[in-house]
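The values are calculated or read from the model by the stated rules, or taken from the named source; none is laboratory data. A quick note: this is a predicted structure, and the numbers were derived from the prediction, not measured. We place every Cβ from the backbone using ideal geometry, glycine too, and count neighbours over all the protein chains shown.
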Amino acid sequence: MRSVFSRIYGGLASLKLTIVLLSVLAAVLIYGTFYESANGTPMAQRHVYASKWFDALIVLLAANMVACTAKRYPYKPHQLGFLMVHCGILTILTGAMLTRNFGREGELFLFEGETGQAITSARPSLQVDVPAAGIASFQIPVVFPARDEGAEVDEEVRLPHGAMRLRMLRYYPNAQWTNTVTEGEELNPALRMRWTQHDVPGESWLVPSDPQRRSLAAPFRIDTFAAASGREADSLLATAGRAQPQGRGSLRLRLASQPLAEIPLDGPVPRRVHAGDYEVVLREWFSHFVLREGKPTNASADMVNPALLFDISNKGSTENHVVFAFHEMGSLLSTSGNHGFGIEADYVYDGPAANESRMVLVHAPGTGWRAAANFDLGLPADGRLEVGRAYGSDASHVEIAIAETLDRAAVRNVLVNVDRQERNPAVLVQAVSKDGTSDPQWVVAGEQQTLRLGDREMTLQFARREYPLGFSVHLVDFIETTYPGTSRSATYASDVMVSDGTHPAVPIHITMNKPLKHKGFRLFQSSFMRSGGQEASVFSVSYDPGVHVVYTGFIIFIAGMVAIFYLKPVIRRAYLRSTTPQAVIPDTAVLERT
Amino acid sequence: MKAKTTFWAAILVILPMVAFAQPPAPATATAALDAAAVRDLQILPVQHAGRVKPLDTLAREMVQFVTGKRRYRGQEPIVTYLSWTFESEKWADEPMIRLEYLPLREKVGLDAKRNTFSMNELRSNEPLMAIFRTVDDKQRRDEKLDKLENEARDVGTKLLVLNEAMSGGALRVIPSTLNANATWFTFLEVQDAPFFDTKSMRETLTAVIDAFRAGDSKALAVAGATLRTDLAKIAPAAMPAGTKIALEEQYNRLNPFRKAWILYFVAFVLLLVGVAQRARVWYIGGLAALLLGFAAQVYGMAARIYVAGRPPVSNIYESMIFVSASIVLFALIFEAVYRSRIFALTAAGLGVVVLVLSENLPLSSEISPLVPVLRSTTWLTFHVLTIMLGYSAAFLAGGLAFVGLGLHAFGRSNSPFAVQLDKFHYRVVQVTVLFLGAGIILGGVWANQSWGRYWGWDPKETWALISLLAYLVIVHGRFAGWLKRFGTNVASVVGMNLVIMTYYGVNYFLVGLHSYAGGAAFNVPPWVYVFLAAEWAFVLFAFFGGAPSRRRTSQPRLEGAPAPGTRA
């Protein structure tokens, strides 16, 4: 028995093992960094740095260090540095263990005026509830490779009490619901248009029956129609050369992002309209707005640049505005007397501009798709386009082609992945038991879904976990300062009020490098957000009971290293002098001896 | 192409001649202006990119950015820049905008044989404009750009900068009296800044423009001086200290880091001759050149610190300057302690390499304000400076290891010099371990102070740890007796490569929190592979070529190995 123990101890205390372990650790870390850049940080954390085998490697290294250190007992004074360095590293590892097991990290997101009492975890996890099986708030981490196309995964998690399992099938790091066109049941013509404009490719489905997919604005205006007969198709194709009479459009007013009124512009102008507490006077309407000698003038009756002059008045004060249909920027131009009603105005006009390049595609039973354009696009005289063939003209640098057509198209809402940035993760899950499997179901971050398997119902919540802070933080003001003459940020800061409920609230100023420290928590200003005229602060929050231990380890380690490399000869000489007074100590330079 | 040519020229030892050669005289009328004529305009304070700088600096940055050259057609940058503004009609067809990236030129149908184009050529190129629109759309949607689009964006920014220069929109020289943080005004906005006598200001400006266009040095000097004094009177409180502006202009003019590497190069040659000739005079001359070069570097760094008002830790360029200076500093200290010429020689060589790289790699040498997260100065400064000292020691150790491998290759591995060199080398390895260890720890302290997490396995910090582990393997390997002289040298070269990966490669291959230090980089330059291949070819050559005295005649005790009789 004893020999086995001493053999293990001897092996553990071997310096050669140290060298091997250090080399293996270095190799593993190199692998880890490349693994991270290929699969994303959460994957690397889960499968490398926080994995069981990595822990085992660190524990082995620590055991090796302890054994090597213990083996050299009793120590001579000149071994002080050696002892300190190794104790320092062990202290650091102990502190790291405390941090990992008892520490907490999270985020606090507050708009100005909001109060928060809890932090949320940085990543969402799946929370499973199966009341019938006695499973409540079971947490499952969702960590999968972040890839552009999403990742095929196959991971089964056994739920408590053994009866059910949850299978994860597919993972999207940045999911988004989108419409797509597929083969359906009902008669519903559709076509997929492909184009290049200055060698930049584009592609889109066009569905005449769907108001969202009827028309395209790029590469030029394309309108599609489904005609009932060939004759109707002919008359629709003939409209390609003319602007469609779409009316004048409307004026949409919003107050604090809430709809206030939508005023149609067809009808007499000038005219007086009431919108909530406000009075709107439509003063002058233009189909082709130009400034001539500084005065707004109507240049033609064509819809080239539709614009509207109007006034808004309330309690005796009046604002004058100008809005344009085709110019989003500066749609709210105050000509005089802006009283800051905070009203946003938009000229809403869906129709084409008179001078716009335009193509019309019409589907009719029997004749299929035909096209006409108001500019040279190299279209055949009868308007019949071959599928897959490119049409275009050199002058406009545009080429178009019909990639495919569908007679029975259906528009469906499907979940697709946008890119590999983990912004809005989603996971496809399935409940499994010995009775069978449930239908697969997508769960998107922030959503709740229910799976049914037999008579059991499983509730899934894919959300960030919340942890109470134990006190509350109220954001009074977020302050950003910029470098002179630029919009480049120099500092971020927040004014907050902190209260425990027992004492009066305390005002605290948090800056980029001066966190709020309270009850073991530290709140760091990590970033900010602006949305709808409001500012929000994002604080990263940390609770770390291991940090002081780690810092102690840091100090011991550095002091030990200095002792090893630079003080050892001094200590050794002092020791020799004290034990053997008559010994002759060669007086070489201190640095030359180790 | 220029950057690469200069780099290889340095390697081929013809660089000093290139640096001192006079470029051809420019063809424009402004060539007649003498240096004194623009002196007052050079130190005209202008608000740009978040700070107030001399107009000279703005001109240098913009000329470098647009043309890719320090000087365009040999002109003083300020002359070029003022000519863009005051004689913009001359420049619209001048092929001076650098477009290096060949695939982009091919894609948009520009002449593949040229790499500079005129403003009008680029503006009338429809395909390029179409790519600009795509880039614009993508940026608004916060999407990633591919390599081609990134290059196109750079060209677009060059066009914007040039356009701004030509319209005078960048000359924010009229200080605002409102407060210290307010935006200054350009001449175009004079009506918005009615705090002074705009009429006389306009007259002075007209005088400057007329004198400049006529190439009248005397009149320009007078008008320039008047303009500067008049502008300084508007808001004296908003003006930066005159010494600061003057020092920055002097720093620009002296270009101390180029002087430093030329001196290091001279030192290297003298010390090399000294090794061969064994005459003291060469050594003293070499050491003097090394010291002078070091002084030039210290001056340059001090100037940057004074101008920026912060430690030199904001980007790779500044860190490379610091690394080369500390390599030389370490060498000088070791030189003082051991009196071995090998330190000075190695450091001179490394100093040249690092400084020439810093000058020729596509790095920004501008002094620019820091992003908010880097503004926690204390711990960040300690961290960066310590870790940079660690890198410097690693490079010095690597350099010495190469010398040791060279000795091995030529059968001198058991000469007394080789034994001594090994001791020196191991000393430097110890310094590396100390500073790398301390640097990583201070990085942890900074991270904890800045976002509450002292360690997060971020690629940069992980690689710093990997480098440290490599040097710990050397220390333990020596102690266990596994690593002898040859092995230590090879391990030290490995360590140096890992440090290079940590310092530079991580920004290319891996992304992480530290990426703001590197900027967006995509392609590994081919010479990196050439360097690695040459390095390992040399190691192999040393291993197989060092045949004659492989049988050891004497076995002196290795530094770091336990003394005979002690327990391992």
Only one of A:V398, A:V387, A:V360 that is touching a Pro at 6+ places or on another chain (Cβ under 6 Å), in contact (Cβ under 8 Å) with a residue 12 or more places away in the chain and in the same structural domain as A:T182 (by TED's automatic domain parsing): A:V398
Right, B:V269: of a type in the set (A, V, I, L, M), surrounded by 14 or more Cβ atoms within 10 Å (Cβ to Cβ) and without any contact (Cβ under 8 Å) to a residue 40 or more places away in the chain or not? yes
Any strands (runs of 3 or more DSSP E) falling wholly within the stretch A:143-237 and containing at least 2 residues that are within 14 Å of chain B (Cβ to nearest Cβ) and surrounded by fewer than 19 Cβ atoms within 10 Å (Cβ to Cβ): A:200-206
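Could you tell me which of the residues B:V403, B:V419 is more than 14 Å from B:V323 (Cα to Cα), touching a His at 6+ places or on another chain (Cβ under 9 Å) and of a type in the set (A, V, I, L, M)?
On the way: B:V419 fails: touching a His at 6+ places or on another chain (Cβ under 9 Å).
Being more than 14 Å from B:V323 (Cα to Cα), touching a His at 6+ places or on another chain (Cβ under 9 Å) and of a type in the set (A, V, I, L, M) holds for just one of B:V403, B:V419, which is B:V403.
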Residues (part of a helix (DSSP H, G or I), at pLDDT 75 or above and of a type outside the set (F, W, Y)) located in the stretch B:177-192: B:L188, B:E189
Of residues in the stretch A:98-122 being under 19 Å from A:T41 (Cβ atoms) and of a type in the set (G, A, S), the one surrounded by the most Cβ atoms within 10 Å (Cβ to Cβ): A:G106
Going through the stretch B:65-91 in order, the residues found to be within 24 Å of B:L188 (Cβ to Cβ) and in contact (Cβ under 8 Å) with a residue 60 or more places away in the chain are B:F65, B:V66, B:Y81, B:L82, B:S83, B:W84, B:T85, B:F86, B:E87, B:S88, B:K90, B:W91
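Filtering the stretch B:91-128 down to residues that are hydroxyl-bearing (S, T, Y) and farther than 29 Å from A:E399 by Cα, which residue is nearest to the chain's Cα centre (by Cα)?
Keep residues of the stretch B:91-128 that are hydroxyl-bearing (S, T, Y), which gives B:101, B:116, B:118, B:124.
Restricting the remaining residues to those that are farther than 29 Å from A:E399 by Cα gives B:116, B:118.
Working: B:T116: 24, B:S118: 28 Å.
It comes out as B:T116.
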Filter the stretch A:526-562 down to residues that are among the aromatic types (F, W, Y) and in contact with a helix residue (DSSP H, G or I) (Cβ under 8 Å, 6 or more places away or on another chain), then give me how many there are. 3
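Which of the residues that make up the stretch A:468-527 are in a strand (DSSP E or B), at the interface with chain B (Cβ under 8 Å from one of its Cβ atoms) and of a type in the set (A, V, I, L, M, F, W, C)? Let's see the steps before the verdict.
Of the stretch A:468-527, the ones in a strand (DSSP E or B) are A:468-482, A:489-499, A:506-511, A:514, A:516-518, A:521-527.
Within this subset, residues satisfying the condition of being at the interface with chain B (Cβ under 8 Å from one of its Cβ atoms) are A:481-482, A:489-492, A:522, A:524, A:526.
The answer is A:A490, A:F524.
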Wholly within the stretch A:40-108, which helices (runs of 4 or more DSSP H) include no fewer than the required count, namely at least 2 residues that are within 10 Å of chain B (Cβ to nearest Cβ) and small (G, A, S)? A:80-102
Of the conditions (1) out of contact with any Pro (no Cβ under 9 Å at 6 or more places or on another chain); (2) of a type in the set (S, T, N, Q); (3) free of Cβ contacts under 8 Å to residues at least 24 places away in the same chain, B:T204 satisfies every one except a single condition; which number is it? (3)
Restricting to the stretch A:419-459, count the residues that are within 27 Å of the chain's Cα centre (by Cα) and part of a loop (DSSP other than H, G, I, E, B). 10
Given the options B:L345, B:L329, B:L290, name the one that is within 26 Å of the chain's Cα centre (by Cα), assigned to a helix (DSSP H, G or I) and surrounded by fewer than 20 Cβ atoms within 10 Å (Cβ to Cβ). B:L329
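Being within 7 Å of chain A (Cβ to nearest Cβ) and crowded, with 23+ Cβ neighbours inside 10 Å is the requirement here; does B:W463 meet it? Even if it seems obvious, please write down each step before you answer.
Working: within 7 Å of chain A (Cβ to nearest Cβ): yes; crowded, with 23+ Cβ neighbours inside 10 Å: yes.
Judged against the criteria, B:W463 is a match.
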So which residues in the stretch B:446-458 are touching a residue at least 40 places away in the same chain (Cβ under 8 Å) and more than 7 Å from chain A (Cβ to nearest Cβ)? B:W446, B:G456, B:D458
For the subset of the stretch A:363-378 comprising residues that are at pLDDT below 85 and among the hydrophobic types (A, V, I, L, M, F, W, C), which member is surrounded by the most Cβ atoms within 10 Å (Cβ to Cβ)? A:L377
Please count how many residues of the stretch B:429-445 are more than 9 Å from every other protein chain (Cβ to nearest Cβ) and of a type outside the set (V, I, T). 4
Scan the stretch A:394-414 and give yes if some residue there is surrounded by fewer than 18 Cβ atoms within 10 Å (Cβ to Cβ), within 14 Å of another protein chain (Cβ to nearest Cβ) and either of a type in the set (F, W, Y) or at positive phi (or both), otherwise no. yes
In the stretch B:167-176, is there at least one residue being touching a residue at least 40 places away in the same chain (Cβ under 8 Å) and assigned to a helix (DSSP H, G or I)? yes
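Sort out which residues of the stretch B:469-493 are part of a helix (DSSP H, G or I) and either facing chain A (nearest Cβ under 7 Å) or under 30 Å from A:V541 (Cβ atoms) (or both), and write them in order of number. Don't jump to the end; show me each part of the working.
So in the stretch B:469-493, the residues part of a helix (DSSP H, G or I) come out as B:469-480, B:485-493.
Answer for the stretch B:469-493, where residues must be part of a helix (DSSP H, G or I) and either facing chain A (nearest Cβ under 7 Å) or under 30 Å from A:V541 (Cβ atoms) (or both): B:L469, B:A470, B:L472, B:V473, B:H476, B:G477, B:F479, B:A480.
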The lone exception for A:Y73 - which of (1) in contact (Cβ under 8 Å) with a residue 24 or more places away in the chain; (2) surrounded by fewer than 18 Cβ atoms within 10 Å (Cβ to Cβ) it fails: (1)
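Just wondering, is there one or more residues in the stretch A:140-152 that are free of Cβ contacts under 8 Å to residues at least 40 places away in the same chain, assigned by TED's automatic domain parsing to the domain that holds A:V444 and of a type in the set (A, V, I, L, M, F, W, C)?
As a first pass, look at the stretch A:140-152 and keep what is free of Cβ contacts under 8 Å to residues at least 40 places away in the same chain: A:140, A:151-152.
Subsequent filtering for residues that are assigned by TED's automatic domain parsing to the domain that holds A:V444 retains A:140, A:151-152.
Adding the requirement that they be of a type in the set (A, V, I, L, M, F, W, C) leaves A:140, A:151.
Looking for residues that are free of Cβ contacts under 8 Å to residues at least 40 places away in the same chain, assigned by TED's automatic domain parsing to the domain that holds A:V444 and of a type in the set (A, V, I, L, M, F, W, C), one finds at least one in the stretch A:140-152, hence yes.
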